[in-house]
Protein chains: 2
Amino acid sequence: MEYIFGADVGGSSTKLGVFDREGKLIAERTVPTVTSGGGERIIPDIARAVKSLSGELEPGAKILGMGMAVPGPVEAGGMVNGCVNLGWGRKDAAGEMAVLTDFPVFLLNDANAAALGEVWQGAARNCGGGAFMVTLGTGVGGAFIFGEQVVNGANGAGGEIGHMTVNPREIEQCTCGRRGCLEQYVSTRGMVRTAKEQMGLHPESTLLSCDELSGKIIFEQALAGDEAAIKTVRLTADILGQALACAAAICDPEVFIIGGGLSGGGDYYLEQIVESYRRSVMYPCRETKFVIASLGHQAGMYGAARFAMGFLKGV
Amino acid sequence: MEYIFGADVGGSSTKLGVFDREGKLIAERTVPTVTSGGGERIIPDIARAVKSLSGELEPGAKILGMGMAVPGPVEAGGMVNGCVNLGWGRKDAAGEMAVLTDFPVFLLNDANAAALGEVWQGAARNCGGGAFMVTLGTGVGGAFIFGEQVVNGANGAGGEIGHMTVNPREIEQCTCGRRGCLEQYVSTRGMVRTAKEQMGLHPESTLLSCDELSGKIIFEQALAGDEAAIKTVRLTADILGQALACAAAICDPEVFIIGGGLSGGGDYYLEQIVESYRRSVMYPCRETKFVIASLGHQAGMYGAARFAMGFLKGV
């Protein structure tokens, strides 16, 4: 049998999976990420896990190649151009891995991998007409999949909706150094910031008695009827819906996928995002589908394997 | 020899060209558009011109097929879904043309065709990393070309940046029925509207003595030092630059192409658009190229031919 590896390299661990050619996940492994020393151990550690997993396959099993998702921009030529969370600067991560594993390795950005995974075997399965995924976590990532191709962008910034300016009047600075990016409002941090503003306006809010605010708590309290939490969710959904309407005017996907920690807001959150989207979007795109990501932390690993398969079609 | 036709069907006329397989334009024709009677004569009239042009080719010349650009949305299946300017509703324009010409006909939207033409043989020649074109005329069209593929979108709205909301507080209505679309500010009409507002603030403006305002006059007067005209150009460029920065966060093209009548503002206008873009865009995309379209009214015809060639590769 022939197999393909998918790896999603993250700041705390790497999810590694081996798939058969039909896309069935055969086995998986989690490899802790050691970022000290410029992240030099990361690739050898993953390579060792690849060897170990390969050893569990039947005798004569053939490994065709590996897709590897990294938390940073990947240049058109396949070089990593800085992964702050891994301690990497500019690095030929695919080349280094290929030397250790002896098969071809293909690199892509982790947000792109997650989206590709969701399109392949997740919430947007069999979506031929383009999918746009937005990942709502500590930061806000995004990706546009066209057919089954990743739109990486000329500068590795394709799908980076988190740093689209949505409020030119913002005075606080975004992590990117600019002001008014989408991420400042719809990331976990952004939602908590809005909640704090709302708590100032609603001294009766139950949120005031919470030790530490999180997206989960805000959604819970909103569902329980807390006015500050309800308003926070609505304001956040409004901004996100408007930004996705802008994305529709550019790439008009068949489906929007909402992923990341805040997608835990489920249908309650999704409905408000869609409502805002429909108010803001041009007519032909009003009925675009919205789904919540379904592969969770496995999405990137699936997408990485799928990405490699695209290059290995003829093998 | 083998040939391919390209046609750009417009509200007043159709530009028709015949190309050899290397992409050289061999001959062209302009066919007046008769929109009366639901535009029923349009396709037969073009088919007649196709036959006439074919007759001028050498004996034994083989026509492989035809690309046809239309001023309206084209569904994924190839059906026209309403072209107001032609009097067409939902129509199988490609099928009707194919019956009359006896070769395969491939349909695409005219803004997409113009962009594809510019990428193929125009201002964005050999741009492998994606191109985004915005066409500034009576309306504002747009298109995203990924590699050499047209991103038509699930609803035919790919690249339709003209109807991206840029000002949710707008009170006047856009032609699309919504409020605050980019088109309301950066189309010819939008620029003239801004000029009128500026004329109210600058009673000394030379624009006040113009019979009818146009983009051309506004650019001329701005270059001549008229304060109202200068401000009009700057405000328009500001809004356009910000919108293109949003587009970069979604599709991160290698190059932006500025086309349509207002691209006549040339470098003077382009520099101000780029300045605003750079202020608004995320870091990796700051150096994205900007070019002025170079094929003029022929762009759509070139792009239509190129679009057909994509389907006829193996023939």
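The values are calculated or read from the model by the stated rules, or taken from the named source; none is laboratory data. Predicted model only: the values in this text are computed from it and were never measured. In this analysis, Cβ positions are derived from the backbone assuming ideal geometry, glycine residues included, and neighbour counts consider all displayed protein chains.
Per-residue answers, yes or no, for (1) farther than 20 Å from B:Leu136 by Cα; (2) in contact with a Cys (Cβ under 8 Å, 6 or more places away or on another chain); (3) away from chain A (no Cβ under 14 Å):
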site: B:Leu223; (1), (2), (3): no, no, yes
site: B:Ile257; (1), (2), (3): no, no, no
site: B:Tyr268; (1), (2), (3): no, no, yes
site: B:Thr288; (1), (2), (3): no, no, no
site: B:Leu295; (1), (2), (3): no, no, yes
site: B:Gln298; (1), (2), (3): no, no, yes
site: B:Gly303; (1), (2), (3): no, no, yes
site: B:Arg306; (1), (2), (3): yes, no, yes
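Can you find a residue in the range B:194-203 that is in contact with an Asp or Glu (Cβ under 7 Å, 6 or more places away or on another chain) and part of a loop (DSSP other than H, G, I, E, B)? Don't jump to the end; show me each part of the working.
Kept after step one, since they are in contact with an Asp or Glu (Cβ under 7 Å, 6 or more places away or on another chain), are these residues of the range B:194-203: B:202.
From what is left, the residues that are part of a loop (DSSP other than H, G, I, E, B) are B:202.
Scanning the range B:194-203, I find at least one residue that is in contact with an Asp or Glu (Cβ under 7 Å, 6 or more places away or on another chain) and part of a loop (DSSP other than H, G, I, E, B), so the answer is yes.
Can you confirm whether B:Ala114 is away from chain A (no Cβ under 14 Å) and aliphatic (A, V, I, L, M)?
Values: away from chain A (no Cβ under 14 Å): yes; aliphatic (A, V, I, L, M): yes.
The answer is yes for B:Ala114.
Among the residues of the range A:177-198, write down those that are within 14 Å of chain B (Cβ to nearest Cβ) and touching a Phe, Trp or Tyr at 6+ places or on another chain (Cβ under 9 Å).
Step one: of the range A:177-198, the residues within 14 Å of chain B (Cβ to nearest Cβ) are A:177-184, A:186.
Answer for the range A:177-198, where residues must be within 14 Å of chain B (Cβ to nearest Cβ) and touching a Phe, Trp or Tyr at 6+ places or on another chain (Cβ under 9 Å): A:Gly177, A:Arg178.
Quick one: would you say A:Gly130 is outside the structural domain of A:Cys83 (by TED's automatic domain parsing), surrounded by 20 or more Cβ atoms within 10 Å (Cβ to Cβ) and within 21 Å of A:Thr288 (Cα to Cα)?
yes
Any idea how many residues of the range B:236-275 are touching a residue at least 24 places away in the same chain (Cβ under 8 Å) and within 20 Å of B:His163 (Cβ to Cβ)?
25
Please go through the range A:236-255 and pick out each residue that is surrounded by 24 or more Cβ atoms within 10 Å (Cβ to Cβ), over 16 Å from the mean Cα position of the chain (by Cα) and more than 11 Å from every other protein chain (Cβ to nearest Cβ).
Correct list: A:Thr236 only.
Please find, among B:Thr138, B:Thr165, the residue that is within 19 Å of B:Arg189 (Cβ to Cβ), modelled with pLDDT under 90 and in the same structural domain as B:Gly265 (by TED's automatic domain parsing). Spell out the reasoning first.
Details: B:Thr165 fails: modelled with pLDDT under 90.
B:Thr138 is the lone residue from the list that is within 19 Å of B:Arg189 (Cβ to Cβ), modelled with pLDDT under 90 and in the same structural domain as B:Gly265 (by TED's automatic domain parsing).
With in the same structural domain as A:Thr101 (by TED's automatic domain parsing), surrounded by 15 or more Cβ atoms within 10 Å (Cβ to Cβ) and farther than 28 Å from A:Gly159 by Cα as the only criterion, which of A:Ala61, A:Ala27 stands out? If you could, list the steps in order and put the result at the bottom.
Values: A:Ala27 fails: surrounded by 15 or more Cβ atoms within 10 Å (Cβ to Cβ).
It is A:Ala61.
Inspect the range A:196-214 for any residue being in the same structural domain as A:Met282 (by TED's automatic domain parsing) and surrounded by 24 or more Cβ atoms within 10 Å (Cβ to Cβ) and give the result as yes or no. Please lay out each step first, then the result.
Of the range A:196-214, the ones in the same structural domain as A:Met282 (by TED's automatic domain parsing) are A:196-214.
Then keep just the ones that are surrounded by 24 or more Cβ atoms within 10 Å (Cβ to Cβ); that gives none.
No - not one qualifying residue is present in the range A:196-214.
Can you spot a residue in the range A:36-53 that is at pLDDT below 95, within 23 Å of the chain's Cα centre (by Cα) and more than 14 Å from chain B (Cβ to nearest Cβ)?
Within the range A:36-53, one or more residues are at pLDDT below 95, within 23 Å of the chain's Cα centre (by Cα) and more than 14 Å from chain B (Cβ to nearest Cβ).
Any residue that is touching a Cys at 6+ places or on another chain (Cβ under 8 Å), within 19 Å of A:Leu262 (Cβ to Cβ) and either free of Cβ contacts under 8 Å to residues at least 40 places away in the same chain or not hydroxyl-bearing (Ser, Thr, Tyr) (or both) - is there at least one of those in the range A:144-157?
Checked the range A:144-157: no residue is touching a Cys at 6+ places or on another chain (Cβ under 8 Å), within 19 Å of A:Leu262 (Cβ to Cβ) and either free of Cβ contacts under 8 Å to residues at least 40 places away in the same chain or not hydroxyl-bearing (Ser, Thr, Tyr) (or both).
With the requirement that a residue be surrounded by fewer than 23 Cβ atoms within 10 Å (Cβ to Cβ), at the interface with another protein chain (Cβ under 7 Å from one of its Cβ atoms) and under 18 Å from the mean Cα position of the chain (by Cα), what does the range A:157-176 give you?
The answer is A:Cys176, and nothing else.
For A:Gly261, all conditions in the list (1) over 19 Å from A:Ala131 (Cα atoms); (2) within 19 Å of the chain's Cα centre (by Cα); (3) surrounded by 19 or more Cβ atoms within 10 Å (Cβ to Cβ) hold save one; what is the number of the exception?
Status for A:Gly261: all satisfied but (3).
Does B:Ile218 fit the bill of being under 24 Å from B:Ala111 (Cβ atoms) and of a type outside the set (Ser, Thr, Tyr)? Steps first, answer last, please.
Numbers: under 24 Å from B:Ala111 (Cβ atoms): yes; of a type outside the set (Ser, Thr, Tyr): yes.
The answer is yes for B:Ile218.
Look through B:Met79, B:Met1 and report the one residue that is surrounded by fewer than 21 Cβ atoms within 10 Å (Cβ to Cβ) and closer than 18 Å to B:Arg306 by Cα.
Numbers: B:Met79 fails: closer than 18 Å to B:Arg306 by Cα.
Step by step, each of B:Met79, B:Met1 is checked, and only B:Met1 is surrounded by fewer than 21 Cβ atoms within 10 Å (Cβ to Cβ) and closer than 18 Å to B:Arg306 by Cα.
Checking the conditions here, which among B:Val74, B:Val70, B:Val99 is without any contact (Cβ under 8 Å) to a residue 60 or more places away in the chain and not acidic (Asp, Glu)? Break it down stepwise before answering.
Working: B:Val74 fails: without any contact (Cβ under 8 Å) to a residue 60 or more places away in the chain; B:Val70 fails: without any contact (Cβ under 8 Å) to a residue 60 or more places away in the chain.
Among B:Val74, B:Val70, B:Val99, only B:Val99 is without any contact (Cβ under 8 Å) to a residue 60 or more places away in the chain and not acidic (Asp, Glu).
Of all residues being in contact with a helix residue (DSSP H, G or I) (Cβ under 9 Å, 6 or more places away or on another chain) and not charged (D, E, K, R) in the range A:285-296, which is nearest to B:Val74 (Cα to Cα)? Just the residue, please. Please lay out each step first, then the result.
Start the filter on the range A:285-296 by keeping residues that are in contact with a helix residue (DSSP H, G or I) (Cβ under 9 Å, 6 or more places away or on another chain), which leaves A:285-288, A:290-295.
After this cut, where a residue has to be not charged (D, E, K, R) as well, the list is A:285, A:288, A:290-295.
Numbers: A:Cys285: 14, A:Thr288: 17, A:Phe290: 23, A:Val291: 26, A:Ile292: 29, A:Ala293: 30, A:Ser294: 32, A:Leu295: 33 Å.
The selected residue is A:Cys285.
Looking at B:Gln242, B:Gln221 in this structure, which one is assigned by TED's automatic domain parsing to the domain that holds B:Val134 and touching a Pro at 6+ places or on another chain (Cβ under 9 Å)? I'd like the intermediate steps shown before the answer.
On the way: B:Gln221 fails: touching a Pro at 6+ places or on another chain (Cβ under 9 Å).
None of the others qualify; the one that does is B:Gln242.
Quick one: would you say A:Ala293 is among the hydrophobic types (A, V, I, L, M, F, W, C) and surrounded by 24 or more Cβ atoms within 10 Å (Cβ to Cβ)? Before you say what the answer is, go through the steps one by one.
Values: among the hydrophobic types (A, V, I, L, M, F, W, C): yes; surrounded by 24 or more Cβ atoms within 10 Å (Cβ to Cβ): no.
The answer is no for A:Ala293.
Run down A:Pro44, A:Pro32 and say which single residue is within 19 Å of A:Val99 (Cβ to Cβ) and exposed (fewer than 15 other Cβ atoms within 10 Å of the Cβ). Steps first, please.
Values: A:Pro32 fails: within 19 Å of A:Val99 (Cβ to Cβ).
Matching residue, one of A:Pro44, A:Pro32: A:Pro44.
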